[in-house]
Amino acid sequence: MSNRLLDKRIMITGAAQGIGLAIANAFAREGASLFLIDRDEALLQEEAAKLKGEGYQVGARSADITDAKAIVAAVAEGEAEIGRINALVNNAGVNVFSEPLDTSDEEWNRCFDINLKGAWNCSKAVLPGLIDQGGGVILNIASTHAFTIIPHTFPYPLAKHALLGMTKSLGLEYAPKNVRVNALAPGYVATQKVIDYWNGFPDPEAAKAETMKLHPNGRIATPEEIAMAAVFMISDECPFMNATCLTVDGGLSVQQHPA
Ligand SMILES: NC(=O)c1ccc[n+]([C@@H]2O[C@H](COP(=O)([O-])OP(=O)(O)OC[C@H]3O[C@@H](n4cnc5c(N)ncnc54)[C@H](O)[C@@H]3O)[C@@H](O)[C@H]2O)c1
């Protein structure tokens, strides 16, 4: 690789698996120091140990992003380990899919607590440090659900729409401080979350085939393909990209309907 992220000290949430883990691996190979957060302690430490074993500078702490105090404490520990954080990837997120009128208050709160407030808790914990250092980058992993709706997935798309709103708001508010805030919107990505989604149908294989058919090129993304875009967005290769969203969905969301 080519050290595109040399001198970046990056906190990544939800880094124990899926897209977050692929991002961690890609960033490490590009020369970044990493501070990884996930609520799955065992998996997180296992993956962090693999990266450290390959010689990369990696700190890892188990924390729940919905716990603002725990995140402030984790950021302090991370900075003691890898140095002052100058970039954040808000990746941790969960599917909460229901029918609007069947959505319980608990599901609504869980959806917004993790997918929106969690990203804010982490942003709030690192923003003063980014400003103090003269700038930095925040990347929110949104979704095509941030600007389109799939019926029966309520209220997940609402939280992702709001995450896009927060991206624009913070991007504008902190542009004078040289902080860039952007969103990356994947379509379907081959992670456990999508496998769980297919398994929720009576015929998971048929559901998987249906998903593939929706895509102009007949397949969904790999986590590594999302990580490649994240490298670019965190790097200094796009200094004027701010308060916007980059869609990485193989063309899925611009179709009027599949052919
Ligand atoms: N997989 C997809 O198709 C897809 C598509 C678009 C957007 N996304 C978004 O990408 C992000 C990652 O998705 P993924 O598919 O890799 O998910 P995943 O389920 O494979 O991994 C998510 C990780 O986040 C962690 N996590 C969840 N809640 C947490 C919390 N409260 N505190 C700390 N850690 C927490 C989990 O333990 C897990 O390790 C999510 O924000 C998701 O909404 C995924």
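What helices (runs of 4 or more DSSP H), lying completely within region 167-259, carry at least 1 residues that are polar (S, T, N, Q)? Before the answer, list the steps.
Values: elements: 192-199, 204-214, 223-234.
Counting at least 1 such residues, we get 192-199, 204-214.
Can you confirm whether ALA92 is out of contact with any Pro (no Cβ under 7 Å at 6 or more places or on another chain) and over 21 Å from VAL75 (Cα atoms)?
In short, no.
Please verify whether region 135-157 includes one or more residues that are surrounded by fewer than 19 Cβ atoms within 10 Å (Cβ to Cβ), in contact with a Lys or Arg (Cβ under 7 Å, 6 or more places away or on another chain) and not aromatic (Phe, Trp, Tyr).
Among the residues of region 135-157, at least one is surrounded by fewer than 19 Cβ atoms within 10 Å (Cβ to Cβ), in contact with a Lys or Arg (Cβ under 7 Å, 6 or more places away or on another chain) and not aromatic (Phe, Trp, Tyr), which makes the answer yes.
Which members of region 16-65 meet the condition of being of a type in the set (Gly, Ala, Ser), within 10 Å of the ligand (Cβ to nearest atom) and over 16 Å from the mean Cα position of the chain (by Cα)? Explain how you work it out, then say what you get.
Residues of region 16-65 of a type in the set (Gly, Ala, Ser): 16, 18, 20, 22, 24, 26, 28, 31-33, 42, 48-49, 53, 55, 59-60, 62-63.
Add one more test, that the residue is within 10 Å of the ligand (Cβ to nearest atom), and what stays is 16, 18, 20, 22, 62-63.
Result: SER62, single match.
Between a first residue in region 148-167 that is within 15 Å of ARG110 (Cβ to Cβ) and a second residue that is open to solvent by 50 Å² or more (accessible area, probe 1.4 Å) and acidic (Asp, Glu), which pairs have beta carbons less than 8 Å apart while being 6 or more apart in sequence or on different chains?
Between residues of region 148-167 that are within 15 Å of ARG110 (Cβ to Cβ) and residues that are open to solvent by 50 Å² or more (accessible area, probe 1.4 Å) and acidic (Asp, Glu), the close pairs are PHE154/GLU99; PRO155/GLU107.
What residue, of LEU116, LEU139, LEU130, is in a helix (DSSP H, G or I) and either over 25 Å from PRO223 (Cβ atoms) or touching a residue at least 60 places away in the same chain (Cβ under 8 Å) (or both)?
Only one candidate passes the filter, namely LEU130.
The values are calculated or read from the model by the stated rules, or taken from the named source; none is laboratory data. Note that the coordinates shown come from a computational prediction; the quantities given were computed from them, not determined experimentally. In this analysis, Cβ positions are derived from the backbone assuming ideal geometry, glycine residues included, and neighbour counts consider all displayed protein chains. All accessible areas refer to the heavy atoms of the entire protein, side chains included, with ligands and DNA or RNA removed. Shrake-Rupley method; radii C 1.70, N 1.55, O 1.52, S 1.80 Å.
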